[in-house]
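First up is the structure itself, then whatever we jot down about it.
Just so you know, all these numbers are worked out from the coordinates, no wet-lab data involved. What you see is a predicted model; the values in this text were computed from it and never measured. As a convention, Cβ positions derive from the backbone with ideal geometry for all residues, glycine included, and neighbour counts pool all protein chains shown.
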């Protein structure tokens, strides 16, 4: 009997500290004109997030590739920490999310310009339904070294995710 109780306690502890990994795909577009180039093209986005749930809060980290949108001619690779506040944990779980991090890599196809991404932050809303996730995110990336004069790349992203657990 004691062995069964210990087994149940060990399994419960393992499940309580299980990380959730979410593979995310979606699209990003410029939220405002960047360097006088106003375009509403969507670019692909691919990411992976790992989070630990603490009741109504989730805390974790992620990395994403955001393709080149419109006429800005560069893509970004931000790595970030995230915090989610689950509004009411039920079958459908709406949440508010905040992300803050740093751009690891900025790829540019412009000659004579070498933009570098710096700080990255974002805020949005989303919902989890079973193993699926949908999210709407406003994000901003600080840009330096772009001869065209831009300081921030503001984007809106729409994502769909799948929990790999």
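What list do you get for 106, 141 if you sort them by fewest beta carbons within 10 Å?
Details: 106 21, 141 24.
Ordered from fewest to most neighbouring Cβ atoms within 10 Å, 106, 141 come out as 106, 141.
Averaging Cα coordinates gives a centre for the stretch 55-104 and one for the stretch 124-142; these two points are 7 Å apart.
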